[in-house]
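**Q** Can you read through this structure? Questions will come right after.
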Amino acid sequence: MKLDDKAMDMINKALKEFGATDRVKKMEAGFGGGKCPKHIVDFYIRDKNYFAFLMGTIYNQQMPAEHVWAIPYNLFKILGHLDPLKISNMSVRDILSLFDKLPRKPRYPPQMAQQTIEGAKKIINEYRGNVENLWADNPTCSQVQKRFEDFKGIGQKKAAMATETLVKKFNIPLRDRSGLDIAVDSLVIRVFKRCGFVDQEDKNLVILKARELNPEYPGILDRPCWEIGRSYCFPTNPDCNNCPIGDVCLRRI
Ligand code: SF4
């Protein structure tokens with residue numbers, strides 16, 4: 001069954017209302033979902049450690065945010081720098097031995113070590129050694145997201161989140177915020193499919209539908225959908241009775 005426009009509007013509205021609740025807004029407050037301690041937030045935002053931010057974006061995989069963002073911070077403490085040129089000249093073995101000194105290593109250490117070096121090389125070779133050159137030419141949000149996606153280890157979800165963080169937390173004035181896409185993961189896809197927004201569990205369909213629903217800011221639905229996917233819309237036995245959009249969802253389970 002396809003949703004008509006009115007039903008789609010009602011679900012979109014219910015999701016945005018849930019997104020405006022303190023519970024979901026709190027997830028946006030602060031760096032990395034609001035769970036990072038202040039000294040780590042300051043390390044990124046106040047001190048403008050953009051290469052550390054790029055590294056954290058690469059490491060942001062299957063770990064709680066507060067652990068992810070602590071990794072570049074602790075590497076900086078160990079090394080005394082996060083200089084892309086010096087890091088680009090390190091070996092995988094060098095990086096792995098640094099990871100061994102961390103309170104918590106990233107997931108998949110050999111892969112992350114390789115991606116760290118490749119990311120540093122890309123910054124040296126394509127951005128004149130400065131991460132800020134990713135957005136120095138007054139690009140749109142979409143252009144910056146694509147540039148992030150060109151780094152090994154950064155897919156659509158991480159790139160969309162990184163672009164949104166640049167705009168919302170670092171206050172980088174990127175053009176055309178209608179290009180702030182939804183950050184798609186399995187939770188968001190499941191909610192989009194079950195509520196009736198899309199017919200198939202397909203990442204690209206979700207991105208297109210999010211743009212169609214909220215062209216001024218397609219990413220507005222990612223946190224409410226993520227929270228619903230995590231807390232109610234379980235793969236089996238979803239808790240539809242308590243779900244914030246339970247009254248309007250098509251419940252295509
Ligand atoms: S939990 Fe139920 S009501 Fe909520 S989004 Fe999933 S299928 Fe819809």
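The values are calculated or read from the model by the stated rules, or taken from the named source; none is laboratory data. Not measured: the values here are computed from a predicted model. Backbone-built Cβ (ideal geometry, glycine too); neighbour counts: all protein chains shown.
**Q** Restrict the check to region 17-29 and report whether at least one residue is at pLDDT 95 or above, among the hydrophobic types (A, V, I, L, M, F, W, C) and either farther than 26 Å from residue 102 by Cβ or touching an Asp or Glu at 6+ places or on another chain (Cβ under 6 Å) (or both).
**A** Yes, because at least one residue in region 17-29 is at pLDDT 95 or above, among the hydrophobic types (A, V, I, L, M, F, W, C) and either farther than 26 Å from residue 102 by Cβ or touching an Asp or Glu at 6+ places or on another chain (Cβ under 6 Å) (or both).
**Q** If you don't mind, another one. Is it the case that region 176-189 has a residue that's out of contact with any Lys or Arg (no Cβ under 7 Å at 6 or more places or on another chain) and within 15 Å of the ligand (Cβ to nearest atom)?
**A** Checked region 176-189: at least one residue is out of contact with any Lys or Arg (no Cβ under 7 Å at 6 or more places or on another chain) and within 15 Å of the ligand (Cβ to nearest atom).
**Q** Give me the pairs: first residue in region 207-232 and farther than 14 Å from residue 181 by Cα, second residue within 11 Å of the ligand (Cβ to nearest atom) and among the charged types (D, E, K, R), beta-carbon distance under 8 Å, and six or more apart or on different chains, which are they?
**A** If the second residue must be within 11 Å of the ligand (Cβ to nearest atom) and among the charged types (D, E, K, R), the pairs left are 229/190; 231/239; 232/239.
**Q** While we're here: Within the bounds of region 186-199, is there any residue that is more than 28 Å from residue 252 (Cα to Cα) and without any contact (Cβ under 8 Å) to a residue 60 or more places away in the chain?
**A** No - not one qualifying residue is present in region 186-199.
**Q** Please work out if residue 236 is within 15 Å of the ligand (Cβ to nearest atom) and more than 22 Å from residue 12 (Cβ to Cβ).
**A** Against the criterion (within 15 Å of the ligand (Cβ to nearest atom) and more than 22 Å from residue 12 (Cβ to Cβ)), residue 236 qualifies.
**Q** Ok, one more. What pairs can you find where one residue is in region 101-116 and surrounded by 16 or more Cβ atoms within 10 Å (Cβ to Cβ), the other is of a type in the set (Gly, Ala, Ser), and their Cβ atoms are less than 9 Å apart, with a gap of 6+ or different chains?
**A** Qualifying pairs under 9 Å: 102/70; 106/113; 112/153; 113/91; 114/153; 115/153; 116/153.
**Q** Hey, can you tell me all the residues within region 66-102 that are under 13 Å from residue 49 (Cβ atoms) and charged (D, E, K, R)?
**A** The answer is 77, 83.
**Q** If residue 96 passes every condition in (1) in a helix (DSSP H, G or I); (2) within 30 Å of residue 224 (Cβ to Cβ) but one, which one does it miss?
**A** (2)
**Q** Going through region 190-222 one residue at a time, which ones are of a type in the set (Asp, Glu) and away from the ligand (no atom under 16 Å from the Cβ)?
**A** The initial filter retains those residues of region 190-222 that are of a type in the set (Asp, Glu), namely 199, 201-202, 212, 216, 222.
Listed by number, the residues that qualify are 202, 212, 216.
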